[in-house]
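A.B. asks: Following this message is one structure expressed as structure tokens.
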Amino acid sequence: MPWAKPPVALPGLAVASSHALIGAGDLLTVHVYVFNSTASPLSGLVLQSQSLTNAGMENLRFASCPSVEELALPELEPGAFESRTFTYRVTERDTSHGGLIIAALAVLMDTPEGLFKVAEADALAEVHTMELAGSS
């Protein structure tokens, strides 16, 4: 079944993480900003976490995230934005993989025809691997 187009222009979604380089025990904080970049008010927007993975492609869980009620965004006037924060505590297992932790987020629009993905973005944080003393 082909995806129908949402009935309005798309909002903007920006995602920023608190650290570019993180290690075991660090708290990764992901700030999500949903902007109404259209000329009309937008309602029925829902922020959704699509995935949180490490370089080993393991599914991770946020330590804290907005409640279901907070993920349903209020009506956004043109030029307005809403922000939400997610956190994740980096583990030794994450550092064993090295690479990136990736948080994929999306904004959905609830319409009479159903939910439509209208924006998506990823937050990337590089995991710092610790070398043991005397190893090379």
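A.B. asks: Across the stretch 23-41, what is the total count of residues that are surrounded by fewer than 16 Cβ atoms within 10 Å (Cβ to Cβ), of a type in the set (A, V, I, L, M, F, W, C) and in contact (Cβ under 8 Å) with a residue 40 or more places away in the chain?
C.D. replies: The number of residues fulfilling the criteria is 1.
A.B. asks: Here's something else I'd like to know. Looking only at the stretch 103-125, which residues are touching a Ser or Thr at 6+ places or on another chain (Cβ under 9 Å), of a type outside the set (Asp, Glu) and over 18 Å from Tyr33 (Cβ atoms)?
C.D. replies: Within the stretch 103-125, none qualify.
A.B. asks: Would you point out which residue out of Glu82, Glu58 is of a type outside the set (Ser, Thr, Tyr) and more than 17 Å from Gly99 (Cβ to Cβ)?
C.D. replies: Glu82
A.B. asks: Right, another one. Restricted to the stretch 95-110, and to residues that are outside any strand (DSSP E or B) and surrounded by fewer than 18 Cβ atoms within 10 Å (Cβ to Cβ), which residue is nearest to the chain's Cα centre (by Cα)?
C.D. replies: It comes out as Gly99.
A.B. asks: Can you name every residue in the stretch 46-62 that is crowded, with 16+ Cβ neighbours inside 10 Å and of a type in the set (Gly, Ala, Ser)?
C.D. replies: If the condition is that a residue be crowded, with 16+ Cβ neighbours inside 10 Å and of a type in the set (Gly, Ala, Ser), then Ser49, Ala55 are the ones that fit.
A.B. asks: Condition test on Thr85, is it in a helix (DSSP H, G or I), among the β-branched types (Val, Ile, Thr) and either surrounded by 18 or more Cβ atoms within 10 Å (Cβ to Cβ) or touching a residue at least 40 places away in the same chain (Cβ under 8 Å) (or both)?
C.D. replies: Considered against the rule, which asks whether it is in a helix (DSSP H, G or I), among the β-branched types (Val, Ile, Thr) and either surrounded by 18 or more Cβ atoms within 10 Å (Cβ to Cβ) or touching a residue at least 40 places away in the same chain (Cβ under 8 Å) (or both), Thr85 comes out as no.
A.B. asks: Does Phe116 qualify as being assigned to a strand (DSSP E or B), more than 15 Å from Val15 (Cα to Cα) and out of contact with any helix residue (DSSP H, G or I) (no Cβ under 6 Å at 6 or more places or on another chain)?
C.D. replies: Yes: the conditions hold for Phe116.
Coordinate-derived values only; no laboratory data. Please read these numbers as outputs of a predicted model, since none were measured by experiment. So basically every Cβ, Gly included, is an ideal-geometry build from the backbone, and we count neighbours across all protein chains shown.
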